[in-house]
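What follows is a set of notes on a single structure, which appears directly below.
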Amino acid sequence: MSETKTKLTPRAIVAASSGNVLEWYDFTVYGFLAPTLATLFFPSEDKLASLLSAFAVLAVGYAARPVGSVIFGHIGDRVGRKAALMISVLLMGGGSFSIAALPTYDQVGLTAAFLLVAIRVVQGISVAGEYTASGVLLVEQAGEGRKAMTGAWVAFAMMWGCVLGSAVPAGLSSILSSEQMTDWGWRIPFALGGLVAIFSAILRLSLTESKRDTGADEVTSPVIQSLRDHSALIGQMVLLLIPTAVIYFVIYVYAVSYLSSESGFSSSAALDITTINLVVMALFVPVCGLAADRFGLRPVFMAGAIATLILAGPCWWLMHRTDTVSVFAGQFGLTLASTAGWALSVTALTLTAPAHLRCSVVALGYNICMAVFGGTTPMVATYLINRTGDDYAPVYYVIAATLVAIPVIWRLPKLITGAGQLPTAGASRSGA
């Protein structure tokens, strides 16, 4: 597949990016409801063990993503981006409906836990094609000088999925009692996710497919080609995305559970703080896209990385205070620092990948990172703190993740040129 000359319409952008709302809505809901799900599906006298089990299921869903990369990378590069997007969103929505109807441990014993794991595995496979196929399609079809901004709409949709994933549980927690929430209220957010999938699938029926690259090797699997010829590039993609994955799950998944269980904050208060900051991130995403089109990808990426190194310690300290204003300010600082990574990732990955293997290369890079460093972060943070007794252990993890990404950020102009991409207007000015 390669770029089309068709001008992207607002409807096409909404259609292509809409599935990302569902993906991140569902995974955010699961992360925020982890303490409730832990008691319903992994009951134990040890609350830490129950919570770790719930986070482990989150990690399993992400661990399944490399498998999805193989499946949806092949579909996206051989059949088409549109086919990958339709299949992925329907599978994800079916999983959401299934969780909403799932019996608990008290009803069917260990079978409940096994079913939950199985559903998360299927969803992990399905979402492997969502972010990458939608981002690749949009960036391919975007006009020169607007690729970063167009790719940022994928992140914009993701963030609003996160906002909804935070706001829906928060709203339900304020309306329902704790007993009602535990009894049946937790099912409602997952059922709503299924409805989002149906809406997204309807919108995607009108998408225009990218043109086929006639020079592609039709015999060898695109995934095998990607691993054989571009393994070094895939590795650099993983390094580039590590801080993006780690920071998000530290401040929006782990921290919410921490605030709810350790600091005396109610679940609704923790979710309110997080929801507001997610709105801030969503609104800041287009700003980062515009900046990257004007000044280049490298300067904007690097600004976010440096801000993270500077702010990580002070912001984490604020998030451990007992007053709401301090906690909000701490999360706000880390939110601004990490937004550039989310806003520009799909554009950077698409522009550095070879045209005939874009879906496969981008899917492998993105999903390997999310599997190894994204979904495992809440579990790792919980383990590190309990193992070391140091509340700042997650900060060290964030700093280490940022440091390994900086050399790749610095090489972005060369990586893009090496992929044979024509630089955007902004890139020609900045070398990115």
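The values are calculated or read from the model by the stated rules, or taken from the named source; none is laboratory data. Quick caveat, the model's predicted, so the values are computed rather than measured. Glycine gets a Cβ as well: all are built from the backbone with ideal geometry, and neighbour counts include every protein chain shown. These area figures cover heavy atoms from the full protein model, side chains too; ligands, DNA and RNA do not enter into them. Shrake-Rupley method; radii C 1.70, N 1.55, O 1.52, S 1.80 Å.
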Histogram of C-alpha separations across the range 55-118, 10 Å bin width, %: 19, 40, 28, 11, 2
Accessible area, probe 1.4 Å, largest first, for residues SER178, SER53, SER126: SER178, SER53, SER126
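Roughly to the nearest percent, how much of the accessible area of the chain is carbon and sulfur, given a 1.4 Å probe?
Looking at the chain in its full context, I get 68 percent from C and S.
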Compactness of the chain as Cα Rg over 2.2 N^0.38 Å, two decimals: 0.93
TRP316 accessible area, assembled protein chains, probe 1.4 Å, Å²: 10 Å²
Global form of the range 150-210, assessed from the alpha-carbon gyration tensor, a/c cut-off 1.5: oblate
Phi-based couplings in Hz for the range 363-378 (Karplus 6.51, -1.76, 1.60; Gly and Pro marked x): 5, 5, x, 5, 6, 5, 4, 5, 5, 7, 10, x, x, 7, 4, x
Protein-only accessible surface order, largest first, of ARG321, ARG78, ARG298 at 1.4 Å: ARG321, ARG298, ARG78
From phi via Karplus (6.51, -1.76, 1.60), per-residue ³J(HN,Hα) for the range 335-340 in Hz, x at Gly/Pro: 4, 4, 5, 8, 5, 4
Gain in span if fully extended, VAL117 to THR220, counting 0.36 nm per residue against the direct Cα distance: 33.8 nm
Heavy-atom accessible area per residue - the range 225-377, 1.4 Å, Å²: 29 Å²
Fully extended contour minus Cα-Cα distance, from GLU179 to ILE399, at 0.36 nm per residue: 75.3 nm
Label-point gap, in nm, between ARG228 and ASP390 - each point 7 angstrom along Cα→Cβ: 4.6 nm
Estimated 222 nm signal from helices in the chain, with DSSP H stretches of n ≥ 4 weighted -39500 (n - 2.57), rounded to 500: -25000 deg cm²/dmol
Among ILE119, VAL372, ILE71 the positive-end extreme of the charge dipole of the chain (Cβ point charges): ILE71
Student exercise, the chain dipole from Lys, Arg, Asp, Glu Cβ charges, in Debye to nearest 20: 1320 debye
Hz values of 3J(HN,Hα) by residue in the range 231-243 - Karplus curve (6.51, -1.76, 1.60), Gly and Pro given as x: 5, 5, 5, 4, x, 5, 4, 4, 4, 4, 8, 3, x
Largest to smallest principal axis extent of the C-alpha atoms in the range 8-149, angstrom: 58, 27, 23
Whether the range 96-194 is rounded, prolate or oblate, judged on the alpha carbon gyration tensor where a/c under 1.5 counts as rounded: oblate
Over the range 291-432, equivalent-ellipsoid semi-axes from the Cα gyration tensor in Å: 32, 18, 11
The range 48-192, accessible area per residue, ligands and nucleic acids excluded (1.4 Å, Å²): 33 Å²
Relative contact order (percent, whole number), the chain, Cα cutoff 8 Å, 6+ residue spacing: 27 percent
Helix 297-319 vs. the chain, principal-axis angle (Cα, 0 to 90°, nearest 10): 10 degrees
